[in-house]
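First up is the structure itself, then whatever we jot down about it.
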2 protein chains.
Amino acid sequence: MDFLLFQFGLCTFKYDHAESKYIMKSFNFYIFPKPFNRTSPDVKFVCQSSSIDFLANQGFDFNKVFRNGIPYLNQEEERQLREQYDEKRSQANGLGALSYMSPGTNKRPSAIPEDQKKFIEKVIERIEGLLQNEESTNIQLEPCTGFQRKLIYQTLSWKYPKGIHVETLETEKKERYMVISKVDEEERKRRGQQKQAKEQEELKDAVGFSRVIHALANSGKLVVGHNMLLDVMHTIHQFYCSLPEDFSEFKELATCVFPRLLDTKLMASTQPFKEIIKNTSLAELEKRLKEVPFNPPKVESAEGFPSYNTASEQLHEAGYDAYITGLCFISMANFLGSFLSPPQNHVSASSKLIEPFFNKLFLMRVMDIPYLNLEGPDLQPKRDHVLYVTFPKEWKTSDLYQLFSAFGNIQVCWIDDTSAFVSLSQPEQVQIGGNS
Amino acid sequence: MDFLLFQFGLCTFKYDHAESKYIMKSFNFYIFPKPFNRTSPDVKFVCQSSSIDFLANQGFDFNKVFRNGIPYLNQEEERQLREQYDEKRSQANGLGALSYMSPGTNKRPSAIPEDQKKFIEKVIERIEGLLQNEESTNIQLEPCTGFQRKLIYQTLSWKYPKGIHVETLETEKKERYMVISKVDEEERKRRGQQKQAKEQEELKDAVGFSRVIHALANSGKLVVGHNMLLDVMHTIHQFYCSLPEDFSEFKELATCVFPRLLDTKLMASTQPFKEIIKNTSLAELEKRLKEVPFNPPKVESAEGFPSYNTASEQLHEAGYDAYITGLCFISMANFLGSFLSPPQNHVSASSKLIEPFFNKLFLMRVMDIPYLNLEGPDLQPKRDHVLYVTFPKEWKTSDLYQLFSAFGNIQVCWIDDTSAFVSLSQPEQVQIGGNS
């Protein structure tokens, strides 16, 4: 979870019934948590030199990520930013004092300290001057500290709840200064709305790429990935919230964010594909599915979208991986359609035929639990052939092999210096082992 | 220490007595710990999005760092890599079996396992064929596993200590295969030397940028930096070794690596400069030293080296900062020469005049210990006016200000929720405070 997702590949497919072809749009999003303002989270993340080197060798454009990466916020960060805006707005609207005294907070309006009284009095003098002078419509105050601006906002919202408009602007040198304008009620409202609309835009920009994920999640579309468990985890962690410690809570969260997931690696490892497909790595799977008994689908990229050529070695970018993952799914789904009578050339994402593969994510490095089941309890394989073994701490794996040499092949899973799980290749051998 | 130094700026200055000018060469090294081979360290490092964003806004070229950054090794990593080469070489030289049985290691030559015997026998058959066939000079074995290659090396070094040369090469697909050639003694030696020379080159490349730092350290030259404590720490940590926990050990290590350091921020904050220079930040210092009573030096860049123009806003790159740091040092050193009789226009780096500034590094955020003294004990200012205060955990800084309001200004340094150091502005007030 200390690592960062830099590039997000997405490829959409839409079936054109009239032409019996798929129209695809592929996207490569470069994303980076650029700090939005001075109070926004300053994300620390870990890089590993081997991964950086791998990406560099693939021609990955780091400048594009770091200079022009799309920002994003998770839901908590979005909520906080929204609150900041609300608070600022209510201050500016003359509701400042009230909101500061809302129950549950211990913030109170600051009393004006002795050394600031003169400063505030001068500001009020200038405003009185403005209100009495029919020729000028606004005054611009000298840049001042954040604390002074807060005092000014407070004082003015109490003293002039209507009739003036207060705005904080920035000089080119990033110094903040205030502009105070005379406005009638209508103008005041109009300006407030204008500002609010602008803030809404800023907020949208800050939420940035998270909006793509929200749209994806809320679309109800089938989301297909290849060996996608880590992708799902990173996506939720980066764009929604921290992952829960509890396993069943994670399952609930994942199905809540993505109600329909399908993992092509799991699909290819399951009947009826298991017998036909030897290598389920994405590149090999894509090649295999071009040959009989499979039918590669007819796919065209939508106008204005890049097209990929699967025949030539492609840059290893996320959008391309998303594209060939989609191709694999379509080929396998359509293959299932060939068993129907009459056979179907196109199997849609809402077909009953693919439901058995929903929400089961491929599990790596576990021999006898092929998938993580997001929608219910996981498979519980027998563990009768697994022994818990303790030994002197000088022992190595080779000593364990020697000890069990009479029982054929074993698998060793180390627990610590002096214990390990040893699994025998055939469960019935455990009875024999029990006597030794 | 989790952060990484990406760019190292260095600028050398040489005085041309005949022309009374300085010749400078400035360097911007982009450095990155690219993994050298499969066993080399895979550095993990932390990035902070605000720092990345700062660099991106300065136009920093991340692709250059990650794609073409110069690698480096610290001394321990260099030692390990050298050992790996030595071990590989002694194996290939037919000393493999012997070195495996050297005392102190528990590695032993592997017995050939049952399932590999046939494989090894076939290899030996092919070699016997090669030795008896006068027309062919070498054979190429099929790619095989690392374990098989190890077995082959072992067997051959025992069976054919001379007369054949064994080499492991890589196919384009990165599969490793062995080539076995007939060679007479002389050819065998020549090849061995050739290989060793190539390995030495590879090793040099892997040590990479560390060699620049070693050259700098071993040069005995005065090394000048501005506010350089963190720079010195990062440089030692990245190119020499982990920093010691113990403070005095750090001092010893630092002076051992860099025997003569000079910090221009400390110099500018010390008499006689202290009175004349108000702002000691690098950019401001550089500007101030262009004006009376200082004399900006005449500096030219050496042929083929970039020149910087200090009048225009420059890209904030490390080489430029090194350059203006050098300018600042020269101006200040030459200023000291103006007090001599007769006055000296040029004060060299070996002049007694600058010795008082050696090996004292500017300390930030400490009011009364201006520098860290690398060559001896640090200044021990009186702490009579500092009180240790405990209080309820609800207390804030403002409560402490109120408590001590009778004693003028105070400084608060928090220890934890319920205690802090409070320093009064005048030491004699402590007696009064002691009664309360």
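Since every read-out is calculated from the coordinates, none of them should be taken as a lab result. Since we're looking at a predicted model, the values are computed, not measured. A quick note on method: Cβ atoms are made from the backbone with ideal geometry, for glycine too, and the neighbour counts reach across all protein chains shown.
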* **Mean ellipticity per residue at 222 nm, deg cm²/dmol - from DSSP H runs of n ≥ 4 across the protein assembly as shown, formula -39500 (n - 2.57)** => -12000 deg cm²/dmol
* Under a point spin-label approximation (7 Å from Cα along Cα-to-Cβ), what is the A:Lys198-A:Asn218 distance to one decimal in nm? -> 2.6
* Asked: Assuming R0 = 51 Å, what is the FRET efficiency of A:Lys278 and A:Glu87, from their Cβ-Cβ distance, to the nearest 0.05?
  -> 0.25
* All-pairs Cα distance distribution in the stretch A:337-436, expressed in whole percent, bin size 10 Å -> 12, 30, 22, 15, 12, 8, 1
* Asked: Given label points at 7 Å from Cα along Cα→Cβ, what nm distances, shortest first, separate B:Lys173 from the same residue in every other copy?
  -> 6.7
* Where the label is 7 Å out from Cα toward Cβ, how close does B:Arg365 come to the same position in every other copy, in nm, shortest first? -> 3.9
* Between B:Asp184 and B:Gln402, what is the spin-label point distance in nm, taking each point 7 Å from the Cα along the Cα→C-beta axis? -> 10.0
* **Number of partner chain Cβ atoms within 10 Å, mean per residue of A:31-43** => 3
* Structure fact -> The simple spin-label model distance between B:Ser242 and A:Glu300, using points 7 Å out along Cα→Cβ, in nm, is 6.2
* To do: Report the residue of chain B with the smallest Cβ-to-axis distance, using the rotation axis that brings B onto A, in whole Å.
  => B:Phe62, 2
* First check a/c for chain A, with a ≥ b ≥ c the square roots of the eigenvalues of its C-alpha gyration tensor; if it is under 1.5, answer rounded, and if not, answer prolate when a/b is larger than b/c or oblate otherwise. => prolate
* Structure fact -> Quick shape check on the stretch B:163-301: root eigenvalues a ≥ b ≥ c of the Cα gyration tensor, a/c under 1.5 is rounded, otherwise prolate if a/b tops b/c, else oblate, and it reads prolate
* Asked: Any idea what the A:Glu252 label distances to the other copies are, label 7 Å down the Cα→Cβ vector, nm, shortest first?
  -> 5.8
* Would you mind checking the stretch B:19-33 for residues with the amide N under 19 Å from a putative spin-label position 7 Å along Cα→C-beta of B:Gln58? => B:26-33
* Rounded, prolate or oblate: which fits the protein assembly as shown when a ≥ b ≥ c are the square roots of the eigenvalues of the alpha-carbon gyration tensor, with rounded for a/c under 1.5 and prolate only if a/b beats b/c? -> oblate
* When each of B:Lys117/B:Lys159; A:Lys162/A:Lys189; A:Lys221/A:Lys360; B:Lys34/B:Lys150; B:Lys88/B:Lys198 is checked by Cα-Cα distance, pairs over 19 Å -> B:Lys34/B:Lys150
